[in-house]
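Nothing in this text is a laboratory measurement; each read-out follows from the coordinates by a stated rule. Model, not experiment: these values are computed from the prediction. We place every Cβ from the backbone using ideal geometry, glycine too, and count neighbours over all the protein chains shown.
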2 protein chains.
Amino acid sequence: MAGYRQHVIIIGGGFGGLEAAKKLKSSDVAVTLIDRANHHLFQPLLYQVATAGLSSPAIAAPIRQIFQKQKNLNVIYGEVVAIDVAKKIVSVADTGDYAYDALIVASGATHSYFGNDQWAQYAPGLKTLDDAQEIRRRILLAYEYAERCTDLEEQQAWLSFAVIGAGPTGVEMAGTLAEIAYQTLRDEFRNINLDHVRITLVEGGDRVLAAYPPELSASAQQQLEKLGVIVRTKSQVSDIDADGITIGKLSESTRPEFLQAKTVIWAAGVAASPLGKQLGVPLDRAGRVVVGQDLTIPNHPDVYVIGDLASFTGKDGKTVPGVSPAAKQMGRCAADNILRKLNGRPSQSFVYKDYGSLATIGRASAIAAVGKLKLSGYPAWLFWLFVHVYFLIGFRNRLVVLTDWAWAYWTYERYARIIIGVRKER
Amino acid sequence: MAGYRQHVIIIGGGFGGLEAAKKLKSSDVAVTLIDRANHHLFQPLLYQVATAGLSSPAIAAPIRQIFQKQKNLNVIYGEVVAIDVAKKIVSVADTGDYAYDALIVASGATHSYFGNDQWAQYAPGLKTLDDAQEIRRRILLAYEYAERCTDLEEQQAWLSFAVIGAGPTGVEMAGTLAEIAYQTLRDEFRNINLDHVRITLVEGGDRVLAAYPPELSASAQQQLEKLGVIVRTKSQVSDIDADGITIGKLSESTRPEFLQAKTVIWAAGVAASPLGKQLGVPLDRAGRVVVGQDLTIPNHPDVYVIGDLASFTGKDGKTVPGVSPAAKQMGRCAADNILRKLNGRPSQSFVYKDYGSLATIGRASAIAAVGKLKLSGYPAWLFWLFVHVYFLIGFRNRLVVLTDWAWAYWTYERYARIIIGVRKER
């Protein structure tokens, strides 16, 4: 664009990319924001779409609409297929090549099956709206198939759900699945007994929500069990097929065990976006790009990596977790450093400000750790609700989500219980 | 089900089937309602989902939830593949055979390409939520592809939209497409001029909304043109491909004409559900089942056909139109006749009560004919809004739809502008 001193490309319209783009508003750089989706996704509520509590548009805002008024910004809907850091060029599939003066890579993470990609068909993960609608479809269909079963054993298989991985997403999914089974669907089926529904949360480590203080993990597990979830820790998954999962032996004294479940949801592994490899710099074990204190990569002071794709260790030796507040802070820092350099000022080091962490479990259940304060149950849930609605992008969506929740809370109904996109029978 | 005097099967959970099922509440018959979707769809607002104004769940209510409290009713999620009127058996794919004492067939209509099924890939029709999401995806993608075009001619092709058929659905679609182009998307693209968007409504007959009084048709056309729609009447489509439509010659003096449009929507033809053929009785030209005065078919006094699948001519010689009020009235009449027969009373003849007709055109534009009263423009639109929100199934959905509309009206935003389900590039 003419009249601007530099061209900044931002790859990814997630929390980090969006913050960086906003920070560059009213500056004298032209910004190009590239995303392969046309919407920003409020990922912390994606599990609500997957469990039919919210509609897809409720947690997605069109990127063009967000930046409608930001005249120095151009949105490109497309997939970045290559980055040439030597020539300073980003290539977008079916669209073209774009030269940059500074680049912010914020393409995030995806789920990983740890080399077992064949599991994907049996145990979908949850990263996009398409993922969420597929999981919703599977959950709702499982009950329909159970209802039509005449064979009791097959019916039990359709009524058995497993969630693999007890991080925040796995815990939310398992808790909400229990709410659906024991509250929402009550009285709706004539041929199945909802007391037979079995929801198992399978975790390889020794406790749920391992990133939280142990007493909150214990509280979370209690809350899950109260909702009806079977929590299995120290249970490593060694195989997944159409009928269930195999839990491998952890020691010589245990034997592999088959856990029947026609519906399996993968919430276990996260892998950094493959774009990290394009930068030609060292990656950590999870495929994340190791960045310096100013969030740039080695030898390329004009290339910033932020958010879930970045591996950052502060001067205090602490690593920054892959959460949305960290991505937003990095986005602001990277944009700020670009403007500082442009104006001949030195870069600032990134300092992560940890506001605490929060995980929801189900209806009126959650845990929160904010500084020294630790909350559980209803107060934690209210706090979680407030924070999530507050940070939702756009006033409109906030209103929609609040209405939907208030309704769901009072009626136990779940709004978005529609089966669509049935392309193949399972 | 034990304890009931008869078993009634209803095929289809549309307006007709739902009314019949509700009417049979608190009676001593067991009811089985079979639908291949898990939700009742409020079809009059489907075009709003297709044009990103509403989310899919806003106009769909889970059938099981609707009948949660109706203990004599069993819902089967499945597709009816055969009806044996001699043996009184309905066969559901992957599920089983069900014997009935009385049957109500309410499986509706689908769109028809008049024998040109190859057009379906280029010009999707609008009957299900999956259809609506596909059309929404195409509309939104067309603008994205136009934005990335460097060739001006190709860009114009992506900015050209055609709607075929100027019945109520075609008029709504064309009007809303104009609203999107000239209002919603303003300021969001950097590379395209929205004034170049061309929306053409193509109609074979000599006026839009042919079922309405001529003065309302004229008003509707005026309102469409004011919104920016190009209305072409007396234009019969003879071919459709990936680049546009061919309008065939109507007389010796006109020549076939190619109208470029990368996005084409089919709103022209309706065909009755293929289940009509299963009944072994005479069908009319549109494939509808000709029913008697009591809505039963010849020689099978226990088989009722209602709604869009029924061809009914009253004692006054008037045929009943394929609209939702007619379907609902037929549903109540058929259910009532089943109960009458059961109690040894004579059947009643169906009498269609015409409350008038309504069509919306776009933002604050509509026409209405209620008895002798004819409304146009804003008053008609307010009336349309009231009627449609009032008849939406379930208080919850009504609230959601009203909020969404109020928001859209004030801000010109369209809520559900998200591209999902991109399975193949166009």
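Assorted remarks:
- In this simple spin-label approximation, residue B:186 and residue A:153 carry label points 7 Å from Cα along the Cα→Cβ vector, and these lie 6.7 nm apart.
- Note that chain A, at 20 °C in a medium of 1.002 mPa s, gets a Stokes-Einstein diffusion coefficient of 94 µm²/s from its Kirkwood radius over C-alpha pairs.
- Normalised by the number of residues in the stretch A:123-241, the mean separation of alpha-carbon contacts (under 8 Å, six or more apart) gives a relative contact order of 25 percent.
- For the stretch A:324-397, the Cβ-based charge dipole about the Cα centre amounts to some 160 debye (Lys, Arg positive; Asp, Glu negative; other atoms uncharged).
- Near residue A:270, the amide H atoms lying under 5 Å from its own belong to A:112; only residues 5 or more places off or on other chains count, and H is placed 1.01 Å from N.
- Assigned charges on the beta-carbon of Lys, Arg, Asp, Glu; chain A dipole about Cα centre (debye): 1460
- Across identical copies of the chain, residue B:206 has label-point separations of 8.7 nm, listed in ascending order, with the point defined 7 angstrom from Cα along Cα→Cβ.
- Across peptide B:188-194, the mean count of Cβ atoms from other chains lying within 10 Å of each residue's own Cβ comes to 3.
- Across the stretch B:304-317, computed HN-Hα scalar couplings (Karplus, 6.51 cos²θ - 1.76 cosθ + 1.60, θ = phi - 60°) run 10, 10, 9, x, 5, 7, 8, 10, 10, 10, x, 4, 7, x Hz from first to last residue, x flagging Gly and Pro.
- In order along the stretch A:264-279, the Karplus-derived 3J(HN,Hα) couplings, from 6.51 cos²θ - 1.76 cosθ + 1.60 at θ = phi - 60°, round to 10, 10, 9, 9, 9, x, 10, 10, 5, 4, x, 5, x, 5, 5, 8 Hz, and Gly and Pro are given as x.
- Normalised contact order of chain B, rounded percent, pairs of Cα under 8 Å and 6 or more residues apart: 19
- Cα gyration tensor, the protein assembly as shown - rounded (a/c under 1.5), prolate or oblate: oblate
- Taking amide hydrogens as placed 1.01 Å from N in the peptide plane, the amide H of residue B:76 sits under 5 Å from those of B:33, B:34, B:35, each at least 5 positions away in sequence or on another chain.
- Of all DSSP beta bridges in the stretch A:117-268, antiparallel share, percent nearest 5: 40
- When the Cα positions of B:46, B:402, A:352 are compared along the charge dipole of the protein assembly as shown, B:402 comes out farthest toward the positive end, with charges on each C-beta of Lys, Arg, Asp and Glu.
- Note on the stretch B:117-267: Cα-Cα pairs beyond 19 Å make up 52% of the total pair count.
- Closest Cβ on chain B to the rotation axis that carries it onto A (distance rounded to whole Å): B:55, 2
- Rounded to 10°, Cα long-axis angle of helix B:129-148 versus longest principal axis of chain B: 10
- Residue-averaged [θ]222 nm for chain A, counting only DSSP H segments that reach four residues, each worth -39500 (n - 2.57): -9000 deg cm²/dmol
- Taking amide H as placed 1.01 Å from N in the peptide plane, the amide H of residue A:81 sits under 5 Å from that of A:91, A:92, A:93, each at least 5 places away or on another chain.
- Comparing B:17, B:394, B:115 in a Gaussian network model of chain B (Cα springs below 10 Å), the most mobile by mean-square fluctuation is B:115.
- For residue B:25, the aspartates and glutamates whose Cα falls under 13 Å of its own Cα, not counting residues fewer than eight places away in the same chain, are B:336.
- Each of B:95, B:18, B:55 was placed along the dipole of the stretch B:1-98 (beta-carbon charges, centred on the mean Cα), and the one lying farthest toward the positive end is B:18.
- Once the GluC sites (Glu not before Pro) in DSSP loops with at most 12 neighbouring Cβ atoms within 10 Å are cut out of chain B, the longest remaining piece is B:1-251.
- Electrostatic dipole magnitude of the protein assembly as shown [Cβ: Lys, Arg +1; Asp, Glu -1; Cα centre; debye, to 20]: 1840
- Label point 7 Å beyond Cα along the C-beta direction, distances from residue B:91 to other copies (nm, shortest first): 5.5
- Per-residue 3J(HN,Hα) values for the stretch A:193-207, derived from phi via the Karplus relation 6.51 cos²θ - 1.76 cosθ + 1.60 with θ = phi - 60°, read 9, 5, 5, 7, 5, 10, 10, 10, 9, 10, 10, x, x, 8, 7 Hz in sequence order (x marks Gly and Pro).
- Tilt relative to chain A, helix A:168-179 - C-alpha long axis, 0 to 90 degrees, to 10: 30
- The angle between the Cα long axis of helix B:214-227 and the main principal axis of chain B comes to about 50°, on a 0 to 90 degree scale.
- Choice from B:27, B:217, B:347 with maximal GNM fluctuation in chain B (Cα, 10 Å cutoff): B:27
- For residue B:260, inter-copy separations between label points set 7 Å beyond Cα along the Cβ vector come to 6.2 nm, shortest first.
- Ordered by the count of other Cβ atoms within 10 Å of each Cβ, fewest first, A:135, A:192 give A:192, A:135.
- Among A:296, A:360, A:254, the residue with the largest mean-square fluctuation in a Gaussian network model of chain A, with springs joining Cα atoms closer than 10 Å, is A:254.
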